[in-house]
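The values are calculated or read from the model by the stated rules, or taken from the named source; none is laboratory data. The model shown is predicted, which means the values in this text are computed figures rather than measured ones. Note that we place each Cβ from the backbone using ideal geometry, even for glycine, and neighbour counts take in every protein chain shown. Just so you know, the surface numbers come from the protein's heavy atoms only, side chains and all, with ligands and any DNA or RNA stripped out. Shrake-Rupley method; radii C 1.70, N 1.55, O 1.52, S 1.80 Å.
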Amino acid sequence: MNNRLMLLFTGALVAGAAFVLVLFGNPGNMGFCIACFLRDAAGSLGLHSSANVQYMRPEILGLILGSFVISLASGEFRPRTGSSPVLRFLIGAGVSIGALVFLGCPLRMVLRLAAGDFNALFGLLGFVIGIAAGCLVLNLGFSLGPARQTGRIEGSGISILTIILFIILIAAPGLLRFSTEGPGSMRAPLFLSLAMGLAVGAMAQKSRMCFAGGFRDLFLLRDSTLITGLVSLFVISLVINLVSGNFKPGFEGQSVAHTQWLWNMLGMVVVGFGSILLGGCPLRQLILAGEGNSDSAVTVLGLAAGGAMAHNFNLASSTSGTTAGGRAATVLILLFFALVSALVIVSRRRSE
Amino acid sequence: MKRIDTSGYSCPEPVLMTKRALKSSGQGLEVIVDNVASRENVTRFAQATGYSVGCVSEGSRWILTLTK
């Protein structure tokens, strides 16, 4: 019950934070989409050159640091590494590209649903199909293998990096790129963004909030605890949107979205499947990275690299729809996930 | 009593390993976990499937004893 309450509260906190951040300038229905914001951060470092999606999002830095600080304080900081880091990087990059074909990570998918964006219904359908596929391969014995303990400096690496990036953001912003138009130029005040990131990071660490894990536990274990967070985020966001007049039901004219249902669905199949292979959704990866999990830190770097690739190779969708490259990449990434799953299962069975 | 070691694995794998082991072990099982999230998840799963769970801390790990 305690777990459930914590997840209810975290979902409400995410909903509140997303509403406040959009009110103060973040792009509509985005709150703090993990895939979009890691892509913006990659752009800010010059890893891609789409001028309208570049900003070192303080929310991302806050999420990692919030988890880092609270796990240090509670003794849950556990440096570990060595569970297939290269595969995790590649799967993370694939998840990011899938999310950018749909235009949102699972967190943003829920926010879009709660704002009446019916395109996200196809995203949800795809997400659930992807998770079901992931559960199937888990049942067949898929595993990225065990991690081992590592040093505290290695475990803190990505958290230290976020502190350095934040110092650069406030002390030497000239080193970074900043969008002057488009979604990257829409941003809430820096310290508000950081504060929201820290608060959600800390709460998500305590509650183990995970969007993919919610459905996974329901399918594999008949356990509805973890999905409480997703449901709470949806319900509270829906109420906020209805009260504030932000609920606009329909397919057309939604904020940073497109109407190609098949690719909205398949993009999220990629995200659902990949998240299960990785053991958690993009938000959860940030939180685990803060807790000292170097494998998740590598996954976060993969997510950022995938975001950069999505723009360098013109794979990311826009409000006018998907691209040919994005559609091809979606299919190829699904094939890649299926191939990796099959090869891992076969190789594990042979070694048993 | 049969014992499984889930050290190094992160969720949901410790729970799935527990689920598989319970199928073959019948009455009881000892599960070693090395992180708080897995300790909570294995405990919740075991309780939901009708086991009572004892927990002993041992260094940086916990030994969960699952009995009917």
Can you grab the distance from the C-alpha centre of segment A:218-264 to the C-alpha centre of segment A:283-304, Å, no decimals?
24
Residues meeting the amide H criterion for residue B:3 (H placed from the backbone, H to H distance under 5 Å, 5 or more places apart or on another chain) are B:30
So which aspartates and glutamates can residue B:23 reach, going by Cα to Cα under 20 Å and dropping same-chain residues fewer than 8 places off?
A:217, A:223, A:352, B:5, B:13
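So, with +1 on the Cβ of K and R and -1 on the Cβ of D and E, and no other charges, what is the size of the charge dipole of chain A about its Cα centre, to the nearest 20 debye?
My answer is approximately 480 debye.
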Per residue of B:35-47, what is the mean number of Cβ atoms on other protein chains within 10 angstrom of that residue's Cβ?
3
Carbon + sulfur, % of accessible area of chain A - ligands and nucleic acids excluded, 1.4 Å:
70
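For chain A, what does the helix formula give at 222 nm: sum of -39500 (n - 2.57) over DSSP H segments with n ≥ 4, over the residue count, nearest 500 deg cm²/dmol? All intermediate terms of the calculation are to be shown ahead of the outcome.
Details: 14 runs with 239 residues, N = 352.
Counting only the DSSP helices, I get -23000 deg cm²/dmol.
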Dividing the mean separation of Cα pairs under 8 Å (6+ apart) by the residue count of segment A:274-322 yields a relative contact order in percent of 20
Neighbour cut-off at most 13 other Cβ (10 Å), DSSP loop, trypsin sites (Lys or Arg not before Pro), segment A:196-247
A:222
Return, in residue-number order, each cysteine of chain A whose C-beta is not under 4.7 Å from any other cysteine's C-beta.
A:105, A:135, A:210, A:281
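So if each residue of separation counts as 0.36 nm, and I subtract the Cα-Cα distance between residue A:350 and residue A:74, what length gain in nm does that give?
Values: separation 276, 0.36 × 276 = 99.36 nm, distance 4.06 nm.
Computed gain between residue A:350 and residue A:74 is 95.3 nm.
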Would you work out which of B:35, B:63, B:16 lies farthest towards the positive end of the dipole of chain B? Charges go on Cβ: Lys and Arg +1, Asp and Glu -1.
B:16
Volume per residue that the Cα convex hull of segment A:251-352 spans, once the total is divided by residue count, Å³:
119
Just going by the charge dipole of segment A:3-351, with Lys and Arg at +1 and Asp and Glu at -1 on Cβ, which of A:194, A:229, A:41 is farthest out on the positive end?
A:229
Added length on full extension, which subtracts the Cα-Cα distance from 0.36 nm per residue, residue A:2 to residue A:24
4.7 nm
Would you kindly derive the ³J(HN,Hα) couplings of segment A:45-55 from the backbone phi angles with the Karplus curve 6.51 cos²θ - 1.76 cosθ + 1.60 (θ = phi - 60°), listing them in order in whole Hz, with x for Gly and Pro?
8, x, 6, 9, 10, 6, 5, 9, 9, 10, 5
If you plug each phi of segment A:172-188 into the Karplus form 6.51 cos²θ - 1.76 cosθ + 1.60 with θ = phi - 60°, what whole-Hz ³J(HN,Hα) values come out, in order, with x for Gly and Pro?
9, x, x, 6, 9, 9, 10, 5, 9, 9, x, x, x, 8, 8, 8, 6
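Using alpha-carbon pairs under 8 Å, 6+ residues apart, how would you state the relative contact order of segment B:2-67 in percent? Can you show the working numbers first?
Values: 102 pairs, mean separation 22.7, N = 66.
Reported as a whole number, the value is 34 percent.
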Through the Karplus equation 6.51 cos²θ - 1.76 cosθ + 1.60, θ set to phi - 60°, convert the phi angles of segment B:21-28 into ³J(HN,Hα) values in whole Hz; use x for Gly and Pro.
5, 5, 4, 9, 9, x, 7, x
What number do you get for segment A:181-274 when its Cα radius of gyration is normalised by 2.2 N^0.38 Å, N = residues?
1.33
Starting from one equal scatterer on each C-alpha and no solvent at all, send me the Debye-based log10 I(q)/I(0) for segment B:2-67 at q = 0.13, 0.27, 0.28 Å⁻¹, two decimals.
-0.27, -1.27, -1.38
Yeah, segment A:3-351 with a ≥ b ≥ c from its alpha-carbon gyration tensor (a/c under 1.5 is rounded, else prolate when a/b outruns b/c, oblate otherwise) is rounded
Dipole magnitude of chain B, debye to nearest 20 (Cβ charges: Lys/Arg +1, Asp/Glu -1, about Cα centre)
300
Sites residue A:180 and residue A:320, calculated FRET efficiency, Cβ-Cβ separation with R0 25 Å, nearest 0.05:
0.75
Evaluate the relative contact order of segment A:3-351 (contact order divided by residue number), counting alpha-carbon pairs under 8 angstrom at least 6 apart; express in whole percent.
37
